[in-house]
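Working notes, structure below.
The values are calculated or read from the model by the stated rules, or taken from the named source; none is laboratory data. Note that the structure is predicted; figures quoted are calculated from it, not measured. For neighbour counting, all protein chains shown are included, and Cβ atoms are generated from backbone atoms with ideal geometry for every residue, glycine included. Quick note on the areas: whole protein, heavy atoms, side chains included, nothing else; ligands and nucleic acids left out. Shrake-Rupley method; radii C 1.70, N 1.55, O 1.52, S 1.80 Å.
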Amino acid sequence: APVMALRGLHKTYRLGRHVVPALRGVDLDVRAGEMLALVGPSGSGKSTLLNLCGLMDRPDTGHIALRGQPVHDLDETRATLLRRDALGFIFQGFNLVPVMTAAENVDYPLFLAGVGADQRRRRVAEALAQVGLAEHAGHRPDALSGGQRQRVAVARALVKRPALVIADEPTASLDSHSADTVLTLMRSLCRAQGAACLIATHDDRLTRRCDRVIRLRDGRIEAETTTPQAERSA
Ligand code: ADP
Ligand code: ADP
C-alpha cells in the first residue's frame, strides 16, 4: 500500500464573494522510500497540496489515506497527533527554534512524541552524526551556516522516523554546494528509513534527483515523469 494515497482532491478558497479554485481533482500515490518533486507555476496549487498532505488543512471533497487510514477529515487534535507521529517537515527558512541548540531542536519532536530521555539522547546524537553535525550539537542556529541549519532541519524531520517528509522549497535559500549536500542527505536518510518525501520546488537541480516529478497546472496534475536512474543517483 502507498504511504499516502490522494483521491479526487478538490479545494477552493473563498475571498469575500470570490471563489478561488486551488485544486481541481488531484489523484496521487506516494510510495515508501520514494522522493517526489512537486512543480508548477505560481498559483498552480503546490502549497495547497502540501498543506493537505501535511494535515494542515482539509480538502472540500476527496480522500487522503495515510498508511491506509483515512485522514482527510480529522479534527485538529487528531491531526496534530498524527503530524507528530508520522510526518516530518522541512521548510525554506529552516524554522529552527533560535534559543535552542542544534541538539535541542532535533530532540524537540521526540520530546513531543513522548519518547524516553535515554532513547532521545541516543537518537539525537545519531541523527546529528548522520547529517555531519555531531561537533555542532551545542551550537544555536545563529552560530551555524545556512547549509548547516538546513542539515539540522533534515535531522529534526527524520529523527522520529516519519512515514512521510514534506518539504517546501528546502534548497531555495542555499548555495549550490549546500543545496547538494542537503539533497544527498535527504535522499539517503529517506531511503534508509523507507520514508517517502514530497518536495515542492522550483529548483531543477533538485527535481533531477527525485524519483518522479509531478507537474501541477491550474490545480490539476498536468504531467508526471519518472526520472532516469542515472540522474537520480548522481
Ligand atoms: P502555489 O503554491 O503553486 O503557488 P497555491 O496553492 O498557493 O499555489 O495557490 C493555488 C491557488 O489558490 C492560487 O490561485 C492562489 O491565489 C489561491 N490561494 C492559495 N491560498 C489561498 C488563500 N489562503 N486564500 C485565497 N486564495 C488562496
Ligand atoms: P508560494 O507560491 O511561494 O507558495 P504564495 O505567494 O502562493 O507562495 O502564498 C503564500 C501564502 O499566501 C500561502 O500561505 C498561501 O496560502 C497564501 N495565499 C496565496 N494566494 C493567496 C490569495 N490569493 N489570497 C490569500 N492568500 C493567499
So Asp73, is it at pLDDT 95 or above, surrounded by fewer than 14 Cβ atoms within 10 Å (Cβ to Cβ) and more than 24 Å from Thr184 (Cα to Cα): no
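Please determine, by comparing only the residues of segment 175-206 that are assigned to a loop (DSSP other than H, G, I, E, B) and under 19 Å from Leu28 (Cα atoms), which one is farthest from ligand 1 (Cβ to nearest atom). It would help to see each step written out before you state the result.
Restricting attention to segment 175-206, the residues satisfying the condition of being assigned to a loop (DSSP other than H, G, I, E, B) are 175, 194-195, 201-203.
Checking the rest, the ones that are also under 19 Å from Leu28 (Cα atoms) come to 194-195, 201.
Values: Gly194: 28, Ala195: 23, Thr201: 11 Å.
Among those residues, the one meeting the criterion is Gly194.
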Quick count over segment 141-163, residues being under 24 Å from Val39 (Cβ atoms), of a type in the set (A, V, I, L, M, F, W, C) and assigned to a loop (DSSP other than H, G, I, E, B), is 1
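Step by step: first the residues of segment 222-233, then only those that are out of contact with any Leu (no Cβ under 7 Å at 6 or more places or on another chain) and surrounded by 11 or more Cβ atoms within 10 Å (Cβ to Cβ), then the one that is nearest to Cys190 (Cα to Cα). Which residue is that? Write out each step before concluding.
Residues of segment 222-233 out of contact with any Leu (no Cβ under 7 Å at 6 or more places or on another chain): 223-233.
Filter once more, so that each one left must be surrounded by 11 or more Cβ atoms within 10 Å (Cβ to Cβ): 223-225, 227, 231-232.
Details: Ala223: 24, Glu224: 21, Thr225: 20, Thr227: 17, Glu231: 17, Arg232: 14 Å.
So, considering only residues that are out of contact with any Leu (no Cβ under 7 Å at 6 or more places or on another chain) and surrounded by 11 or more Cβ atoms within 10 Å (Cβ to Cβ), the one nearest to Cys190 (Cα to Cα) is Arg232.
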Is there a residue being touching a helix residue (DSSP H, G or I) at 6+ places or on another chain (Cβ under 6 Å), assigned to a helix (DSSP H, G or I) and more than 16 Å from ligand 2 (Cβ to nearest atom) anywhere in segment 164-174? no
Options Gly43, Gly16, Gly33: the member that is within 16 Å of ligand 1 (Cβ to nearest atom), closer than 24 Å to Thr207 by Cα and surrounded by fewer than 16 Cβ atoms within 10 Å (Cβ to Cβ): Gly43
Are there any pairs with C-beta distances below 8 angstrom linking a residue in segment 130-144 that is under 21 Å from Lys160 (Cβ atoms) to a residue that is among the aromatic types (Phe, Trp, Tyr) and open to solvent by less than 70 Å² (accessible area, probe 1.4 Å), with the two at least 6 apart or on different chains, and if so which? Pro141/Phe94
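What number of residues in segment 128-140 are in a helix (DSSP H, G or I), touching a helix residue (DSSP H, G or I) at 6+ places or on another chain (Cβ under 7 Å) and modelled with pLDDT of 95 or more?
If we filter segment 128-140 for residues that are in a helix (DSSP H, G or I), which is where we start, we get 128-130, 134-136.
Within this subset, residues satisfying the condition of being touching a helix residue (DSSP H, G or I) at 6+ places or on another chain (Cβ under 7 Å) are 128, 130, 134, 136.
Those still in the list that are modelled with pLDDT of 95 or more too: 128, 134, 136.
Qualifying residue count, segment 128-140: 3.
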